[in-house]
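Novice: The structure is given below, and queries will be raised subsequently.
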């Protein structure tokens, strides 16, 4: 049995027809604008994955937002449009190590699956440093989808005599990402903490306290002038 090619680039012929033998493939990025590819440590090229065999179907879901009707005892929306929700792309992938898809794949089901996870999810070696899944460029159906993994369920269906997985079925859902959306403005720095009034060089901080004032009056006056004056007050009154 001849091996199935790992990847076959899509070609658009002069007739305008698309070569649908293209394999679904994924490319990993660090950022939402898809400008910073994640490097594969073993090849020093962009971290990417191409499926062994294309999914038998792909479900693409669209939904819209509506303004909620906040009147008392009302459970329906007002019907007024409030924009669009992200798209969802769902499909099942097969990772095979039985040799049915080529002799070179024997015993490699889990290896293929881990490479897929590294591309669309996150590497095992990324302990607590990375808190979110990679941004993914998904190429299929003659189109490119910019997305992130929303959910993935892996079902191990066949095992070798030593217990190693020979076939894994992964049910995946990806959610679309707006790569052209501008970055939010930087957060403003916290306001400087309030301090007491500045005291000129050489001035006596005790001079602002009237010896004739009562203890309560002195403390209240110091509170108005700031924490530094209050500290001076306590030192004088002790």
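Novice: Is it true that residue 90 is at pLDDT below 95 and either under 18 Å from residue 149 (Cβ atoms) or in the same structural domain as residue 164 (by TED's automatic domain parsing) (or both)?
Specialist: Working: at pLDDT below 95: no; either under 18 Å from residue 149 (Cβ atoms) or in the same structural domain as residue 164 (by TED's automatic domain parsing) (or both): yes.
The answer is no for residue 90.
Novice: Turning to a different aspect of this structure: Within segment 114-125, does at least one residue satisfy the condition of being modelled with pLDDT of 85 or more and in contact with a helix residue (DSSP H, G or I) (Cβ under 8 Å, 6 or more places away or on another chain)? Spell out the reasoning first.
Specialist: Pass one, segment 114-125, residues modelled with pLDDT of 85 or more: 114-121.
Filter once more, so that each one left must be in contact with a helix residue (DSSP H, G or I) (Cβ under 8 Å, 6 or more places away or on another chain): none.
For segment 114-125, residues modelled with pLDDT of 85 or more and in contact with a helix residue (DSSP H, G or I) (Cβ under 8 Å, 6 or more places away or on another chain): absent.
Novice: Something else now. Within segment 220-234, is even one residue at pLDDT 55 or above, assigned by TED's automatic domain parsing to the domain that holds residue 110 and in contact with a helix residue (DSSP H, G or I) (Cβ under 6 Å, 6 or more places away or on another chain)?
Specialist: no
Each row is one residue, and each column tells you yes or no for (1) at pLDDT 95 or above; (2) more than 19 Å from residue 133 (Cβ to Cβ); (3) buried (at least 16 other Cβ atoms within 10 Å of the Cβ).
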| site | (1), (2), (3) |
| --- | --- |
| 5 | no, yes, no |
| 8 | no, yes, no |
| 31 | no, no, no |
| 55 | yes, yes, yes |
| 64 | no, yes, no |
| 79 | no, yes, no |
| 105 | no, yes, yes |
| 109 | yes, yes, yes |
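The values are calculated or read from the model by the stated rules, or taken from the named source; none is laboratory data. In this text, all values refer to a predicted model and were calculated from it rather than measured experimentally. Here the Cβ is made from the backbone with ideal geometry for all residues, glycine too, and neighbour counts use every protein chain on show.
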